[in-house]
Amino acid sequence: MIHLEYLDRPHSVQTAPVVCMHCDSPTCAEVCPADAIKRTADGVVQAARKPRCIACNNCVLACPFGVPKMATDLELMMKCDMCYDRTSVGKKPMCATVCPSQALFYGTEDEIERLRPNSVPVNRFQFGDQTITTQVRVMAPKTPAVEYVDVTSSLNAQAIGQDIFFNILEEPFTGGK
Amino acid sequence: MSKESLKAMLWGLATAAVTALLVVAGSRNLAYFDAELIAYTFAVLFAVFAIAYRYSMWLQRPPTALYWKRGWQVFFRRRFFLPNTGRWFLRVAGDFALNRFIFRRGRLRGLAHWLIMWGCIVAVLITVPLSFGWIHFESVPGHLRDYRAYLFGFPTLAFPLHSGLGFLIYHALDFAAVVVIAGVMLAMRRRMRDHDAASLQMFGEDFLPLVILFAISVTGLMLTGSYTWMKGYAYDFITILHAITVIFGLLWLPFGKFFHIFQRPAQLGVSFYKDVGKHEEKAHCRRCDHAFTSRMKVEDLIKVERELGYNYTMADPASDHYQWFCPRCRRAMLILAQSALWGGIRGGQPIVTAALPTLPQSALGIPHIDFGPLGKEDEENFHP
């Protein structure tokens, strides 16, 4: 259960996957009136317990990352549960397994340090006055060091791309010579 | 003891006391009460106490308390009361009697739940009044081949002992047991074969209830088998065995999966809350301006989150609270915020430049954010 999001389709081709971040203190679980969302001892926030979920949509609207989905006809919330059937037996979650560009990666800190030497994983997020820490991390540059991702600061940001084409058109391409 | 526990304890005691009074009054001062069934009665009283205790604790959680109150408020709201009443019947029939939403999750799964549920309902409707002395049978004076059922000591229908109706009444519990066993078998099959069930299930949460229901049903059928075909062989032993399984089931009611029987009706309140929300003022996302739920829902969530100790307040008064942003914009903001961290960095090094060039801007049209039309999934997500 992942979201694949176009950020601003008319202006940009940028897409990004959003998976459940598995919060240490999951807002979705706390606002659930039916006690249907449980967090396992290893920190995985599971999808709603089927006998309990009453399809109230609280989790869908309260999750700061916008992750849970409501299957209205089934009266059931569904979300990424880190492919618990796979990860609980040592396999990787499906999304990370099939992601060709490794935009989604599942592994140890050592592995990611080796694979992305210029990045550091960050798991603190700021939403207005609320700080949320998570089990899932996003990659941030090593320099300048970043302590947290200020999500709400991007309220007015637009998906206009980064400066990838910087100077390419102005300076003649020399092929590295 | 906390204030919440004390309140729940009082509710539990009061509910158990009312049940005890009903047992005494319903059996006409215990005149029709079968003393051999005293263990069942105490197990029921314990279960009633514990269920009321847990239910009361549950209702005191901020989100549950709020939706409990709102559920009743919106149901009785004048404009919606009539349509709500109509929908109440439809929902009780569709969701509760027919389990339609479970059948949609899977046919066999729906069938398993439906069989277990109806088997248990029939069995409870028969055994509880019987063991409390609320129902008893007497032969009709002058017609010794006829039996009459008494409800709370009042005479009701009479029927011939040896008749189709008599057979159905006397064996109703056996039929219920067969239905429950069929449902338990289907549920067990799923739990043993389905990978998704296998990854999450736990013995105490998922298997134990099935084992209990199976044990109750089988020992119940063994009683019938013993007196019908085996001249009462081991009848006393089976009686005790059956009592142990039933009492274990009663004691387990408040703790494990069985508690959903009492929680689940909350689905009704929530459905009326959603209906009313659809007809009232909408909340528009303060980023993309799409209507994404009812204003009532957002304001309620803000209240609940504050009570739970979350503070998603935003400094900018125009935004006010993070709850005013739709899920899709939240996902977009997360990605944009991460992208922003990488602005001006290549290969782990900041790009040093004397003068930053202007960023490329789209000339395609609308300057504001536009996701395009909502996808089907989001459209369904964004109901109130």
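The values are calculated or read from the model by the stated rules, or taken from the named source; none is laboratory data. Quick caveat: nothing in here was measured; it's all calculated off a predicted structure. For neighbour counting, all protein chains shown are included, and Cβ atoms are generated from backbone atoms with ideal geometry for every residue, glycine included.
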* Which residues, taken from the stretch A:97-133, are within 11 Å of chain B (Cβ to nearest Cβ) and hydroxyl-bearing (S, T, Y)? -> A:S119, A:T131
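Can A:R9 be described as basic (K, R), over 18 Å from B:V270 (Cβ atoms) and within 7 Å of another protein chain (Cβ to nearest Cβ)? Even if it seems obvious, please write down each step before you answer.
Values: basic (K, R): yes; over 18 Å from B:V270 (Cβ atoms): yes; within 7 Å of another protein chain (Cβ to nearest Cβ): yes.
Considered against the rule, which asks whether it is basic (K, R), over 18 Å from B:V270 (Cβ atoms) and within 7 Å of another protein chain (Cβ to nearest Cβ), A:R9 comes out as yes.
Considering only the stretch B:23-130, give the helices (runs of 4 or more DSSP H) lying wholly within it that have at least 1 residues that are without any contact (Cβ under 8 Å) to a residue 24 or more places away in the chain, among the basic types (K, R) and on the phi < 0 side of the Ramachandran plot. Give the steps one after another, and end with the answer.
On the way: elements: B:38-59, B:62-76, B:81-91, B:100-105.
In the stretch B:23-130, B:62-76, B:100-105 are the helices (runs of 4 or more DSSP H) which contain 1 or more residues that are without any contact (Cβ under 8 Å) to a residue 24 or more places away in the chain, among the basic types (K, R) and on the phi < 0 side of the Ramachandran plot.
Restricting the search to the stretch A:133-145, which residues are closer than 22 Å to A:Y106 by Cβ and not charged (D, E, K, R)?
Step one: of the stretch A:133-145, the residues closer than 22 Å to A:Y106 by Cβ are A:133-142.
Once the filter is applied, which keeps residues that are closer than 22 Å to A:Y106 by Cβ and not charged (D, E, K, R), the stretch A:133-145 yields A:T133, A:T134, A:Q135, A:V136, A:V138, A:M139, A:A140, A:P141.
Taking the condition of being of a type in the set (D, E, K, R), touching a Ser or Thr at 6+ places or on another chain (Cβ under 9 Å) and closer than 15 Å to A:P64 by Cβ, how many residues in the stretch A:6-33 meet it?
To start, the set of residues in the stretch A:6-33 that are of a type in the set (D, E, K, R) comprises A:8-9, A:24, A:30.
The next check asks that each one be touching a Ser or Thr at 6+ places or on another chain (Cβ under 9 Å); those that pass are A:8, A:24.
Filter once more, so that each one left must be closer than 15 Å to A:P64 by Cβ: A:24.
Residues flagged as of a type in the set (D, E, K, R), touching a Ser or Thr at 6+ places or on another chain (Cβ under 9 Å) and closer than 15 Å to A:P64 by Cβ within the stretch A:6-33 amount to 1.
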* Structure fact -> Every listed condition ((1) part of a helix (DSSP H, G or I); (2) buried (at least 19 other Cβ atoms within 10 Å of the Cβ)) holds for B:K7 save (2)
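Being under 21 Å from B:Q267 (Cα atoms) and surrounded by 13 or more Cβ atoms within 10 Å (Cβ to Cβ) is the requirement here; does B:F101 meet it?
Details: under 21 Å from B:Q267 (Cα atoms): yes; surrounded by 13 or more Cβ atoms within 10 Å (Cβ to Cβ): yes.
Here the answer is yes, as B:F101 does meet what is asked.
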* Asked: For B:S319, all conditions in the list (1) at pLDDT 95 or above; (2) over 21 Å from B:P63 (Cα atoms) hold save one; what is the number of the exception?
  -> (1)
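Scan the stretch B:297-344 residue by residue and report those that are touching a residue at least 60 places away in the same chain (Cβ under 8 Å) and more than 7 Å from every other protein chain (Cβ to nearest Cβ). Spell out the reasoning first.
Here is the first cut: in the stretch B:297-344, the residues touching a residue at least 60 places away in the same chain (Cβ under 8 Å) are B:297, B:300, B:303-304, B:307-308.
Scanning the stretch B:297-344 gives B:D300, B:K303, B:E307.
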* Assuming A:I132 fulfils every condition listed in (1) touching a residue at least 60 places away in the same chain (Cβ under 8 Å); (2) within 20 Å of A:A16 (Cα to Cα); (3) surrounded by 14 or more Cβ atoms within 10 Å (Cβ to Cβ) apart from one, which condition is it? -> (2)
* May I ask you to verify whether B:D300 is part of a loop (DSSP other than H, G, I, E, B), among the acidic types (D, E) and modelled with pLDDT of 70 or more? => no
* Listed residues B:S226, B:S199, B:S163; which is free of Cβ contacts under 8 Å to residues at least 24 places away in the same chain, more than 18 Å from B:W252 (Cβ to Cβ) and in contact with a Gly (Cβ under 7 Å, 6 or more places away or on another chain)? -> B:S226
* Can you name the number of the only condition in (1) at pLDDT below 90; (2) facing chain A (nearest Cβ under 7 Å) that B:D289 fails? -> (2)
* To do: Please give the number of the condition B:G133 fails out of (1) assigned to a helix (DSSP H, G or I); (2) touching a helix residue (DSSP H, G or I) at 6+ places or on another chain (Cβ under 8 Å).
  => (1)
* Matching residues, the stretch A:17-43, being in contact (Cβ under 8 Å) with a residue 60 or more places away in the chain, buried (at least 22 other Cβ atoms within 10 Å of the Cβ) and farther than 24 Å from B:Q201 by Cβ -> A:M21, A:C23, A:T27
* To do: Considering each residue of the stretch B:253-284, count those that are surrounded by fewer than 20 Cβ atoms within 10 Å (Cβ to Cβ), more than 10 Å from chain A (Cβ to nearest Cβ) and either closer than 23 Å to B:G94 by Cα or hydrophobic (A, V, I, L, M, F, W, C) (or both), and give that number.
  => 5
